[in-house]
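To start, the structure itself, in structure tokens.
The values are calculated or read from the model by the stated rules, or taken from the named source; none is laboratory data. If you're wondering where the values come from, they're calculated on a predicted model, not measured in any experiment. Every residue, glycine as well, gets a Cβ built from its backbone with ideal geometry; the counts of neighbours run over all protein chains shown. Accessible surface areas use protein heavy atoms only, side chains included; no ligands, DNA or RNA. Shrake-Rupley method; radii C 1.70, N 1.55, O 1.52, S 1.80 Å.
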Amino acid sequence: ENEKPEMHDSKEDPRMFQKGRPEYRSLSYDKFELLETLTLEEGDSILHSVAICKGSQSLGTITDYFRKLSRLPMEQHAVLVSQPRFNTLCRSAIKNIRLFSTSDLIDILKACVRLVVPPTHPLLNAFENEFCWRVWDMSLDQLLLVADCWRCLERSVPSYLSILFSYANMHWKDLTLPQFVQLIYIVGEGRRSPVDLTQKVESMILKYLDSFTLEEVGAICLGLFKSLSGISDHVMRKIADRVSLQMEDMSTYALVNVLKMLRYTRMDHLPLLKELGKVIPTRIPTTNIQGIMHITLTCSSLHYFDEGVMAAVAMSLPSKVSYCRSKDAAKFLWSFGCLDYEPPNEEEFYSSLIEQMHRKLHEFAKFPEHLLTGLLGLAFVKRFPEELIDYALRDEFVQKTRGSKYELKKDLFTLSKSVEIECPSYEGSRLPPQLYQEFTEMVLNFAEQEIFVRPEIVEATSLLGSMLGGPEYVKNHMILPHTRSSDLEVHLAVDGRPIPFNFKDPIADKKLKDIGVSLTDDLMTQLIKGRSNSQTPVEVENEARTPSQERGEEASTPHAGDRAALSGGALIAHARSQVEPKSGRCLEAPLSLPLNRQPRGVKLAIQVSNRNHYCYCSKRLLGLHCLKRRQLQQLGYVVVELPFWEWFPLLKRTRLEKLSYLHYKVFDPAL
């Protein structure tokens, strides 16, 4: 019974929409079609005739033999396909292939699907070539049915699909609703998006949106997601509008497919997300592990925290953890760490996932990104499993990351430096110094172009310099480059006097002035209120995007902070400005260093935050920034924040008001 929720058929589940309309019977192969079973004696009789006639049968007889043999008991199919007499029948079909009618060829192809003929079988090679040659003489129903058979046979047919898409493009105005949905399904299963159809697809979605069944809506989203098809915000929002109103009537499988596309398009559709929080928690226990992973990943990718959803996931996961692939375990760890959420059953939750990561260690050689994803998620919540970290920082594993299709340097950098700061007792593998230097230069080069010059940071740097006595009293840089965001460093003596220390940066200061951004009224309106009709662009997990992109890291996603800062939305929930140390770790990090380690007073690490540092529509800090502030404190810094909800509105106010605010922040008696 425990395994029942995990019954997942990756071939059949995406086809559930086909049961919603009778029209799909002519467009798709029906695995569940009731056929009279052929006896073994009748099968032997047919094969005997094939052996005697040796290819002299009529076309109708050959077709009929395929139809009948495909009705043998399922356990006999593999035996039949391997028999020489069946191969003789196949050779007869190949020999006469040009003479068959198209409907007879389709019947033989459907028989091959029932018999589970291997995708590389010579008969299928011949049939693919023949169908490519006949495309322009076939109906769209026939073309879609043949494409569906190729999918059922798990045969890749890029040439056939290219011709099919060209045909569909020419006959676009004639497409019926079922033909359109089946076409999008085929597009997704073929994992390729016809560029010239993009606008037509959007217009067709809008045309039929109110007429689609909810399963069809899910099928369309899955097809677009699998094929990496772009879709406009307008169309995605229309889809989300409908789903948010009818979510209770939607299957979990279809809903998860909509969430995948929501994540892919980086859309913050608050009504849908709120409805998700009402509908999905009670469904989690009966949802398969991959579905739960995609629900969780959507929340973390959109930086949307719903404790009800996350708690339901955490409570269900330990009993299902054995079903997790390495990717699933990594994404769960990442999602909970990204949202800085440790559930009520945190010890059971984390120990079960860490154990599964150990069990899946062999998979990480092929998918190194998953190990780093999981370990960073753990680091965000101050957990450092020593054996896994040692494995991840070995030379052999580091070499494997270089062969990955993803950019993993920044992730290695963040993990290794975090271990160095938070786990002084760690004695395992470490990255060599030359890699640290390479990664640091890479991050700083990006920061100089994209982070240090952001208007809210440039303005704070300039005003702090004026207030404290000059540019030598403040430094705009990255104290911790591995955390990928900037700090404004200020030193204060014991009596509160500012101490000059930045004597090496006059050129950098000049560079900021030269390439800084002008604070126009229009830009400030966008910074404070957000672009009209904008969405929070957040990173997406999808198979084609890098883990760094999925993590919302400032230095790895150009303009991510700016763009998120421009999004609208009310601020709710409760500010969590202090990061408390957490107990029960794999390796314990030391408490923050006492301030008396700083004999000359205190060092301030001033954070100019933006919306991308926080969960959506809240003041809940994301995991990466919790990690950063925790590590700054451990290194003896006092973290001071200029929160975006205070600093951004001030940017439009007078210089005196801004200076007064900064004076209050820097010379707070509590410091």
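Descriptive notes on the structure:
- The trypsin sites (Lys or Arg not before Pro) found in segment 403-441 that occupy coil by DSSP, while having at most 15 further C-beta atoms within 10 Å, are K405.
- Anisotropy class of segment 278-336 from Cα gyration tensor, a/c 1.5 cut: oblate
- Positive minus negative residues near F349 (Lys, Arg vs Asp, Glu; Cβ under 12 Å): -3
- In Hz, Karplus ³J(HN,Hα) per residue of segment 648-653 (6.51, -1.76, 1.60; θ = phi - 60°; x = Gly, Pro): 4, x, 5, 4, 8, 8
- Take the Cβ atoms of E41 and S404, set R0 to 56 Å, and the FRET efficiency comes out at 0.50.
- Exceedance of the 28 Å cut-off in Cα-Cα distance is limited, within the set K327/K382; K207/K327; K238/K405; K238/K652; K274/K665, to K207/K327; K238/K405; K238/K652; K274/K665.
- Where segment 11-171 is the region considered: accessible area per residue in Å², 1.4 Å probe: 48
- Set of segment 204-232 residues, backbone N closer than 16 Å to the point 7 Å along the Cα-Cβ line of M16: 213-223
- Computed packing ranks the peptides 479-489, 634-644, 132-142 as 479-489, 634-644, 132-142, most packed first, by mean other Cβ atoms within 10 Å.
- Accessible area of segment 11-171 belonging to carbon and sulfur atoms, whole % at 1.4 Å probe: 54
- Only Cα pairs under 8 Å and 6+ residues apart enter the sum, and on that basis the relative contact order of segment 11-171 stands at 28 percent.
- Tensor-based shape of segment 163-207 (alpha-carbon gyration tensor, a/c under 1.5 rounded, otherwise prolate or oblate): rounded
- Amide H contacts under 5 Å for I499: H491, L492, A493, restricted to partners 5 or more places along the chain or on a different chain, H placed in the peptide plane at 1.01 Å from N.
- Lysine pair count for segment 11-171 [Cα-Cα under 15 Å; pairs on different chains or 8 or more apart]: 6
- Cα gyration tensor category, rounded, prolate or oblate, for segment 434-476 with a/c compared to 1.5: oblate
- Using θ = phi - 60° and Karplus 6.51 cos²θ - 1.76 cosθ + 1.60, couplings along segment 47-54 (whole Hz; Gly, Pro as x): 5, 5, 5, 4, 5, 6, 6, 6
- Surrounding net charge for A365, when Lys and Arg each add one and Asp and Glu each subtract one, Cβ distance under 9 Å: 0
- Long-range amide H partners of Y614 with built H, under 5 Å: L622
- Heavy-atom accessible area for H625, with the other protein chains in place and a 1.4 Å probe, reaches approximately 10 Å².
- Carbon/sulfur fraction of accessible area - segment 207-327, other protein chains in place, 1.4 Å, %: 51
- Among K31, K628, K619, the sequence by solvent-accessible area, most first, with a 1.4 Å probe is K31, K619, K628.
- Hz values of 3J(HN,Hα) by residue in segment 269-284 - Karplus curve (6.51, -1.76, 1.60), Gly and Pro given as x: 9, 4, x, 5, 5, 5, 5, 4, x, 7, 8, 7, x, 6, 8, 3
- With K and R counted +1 and D and E -1, the other residues having a Cβ less than 10 Å from that of M267 yield a net charge of +1.
- Among the listed pairs K331/K366; K475/K619; K320/K360; K409/K504; K260/K360; K475/K504, a Cα-Cα separation exceeding 19 Å is found for K475/K619; K409/K504; K260/K360.
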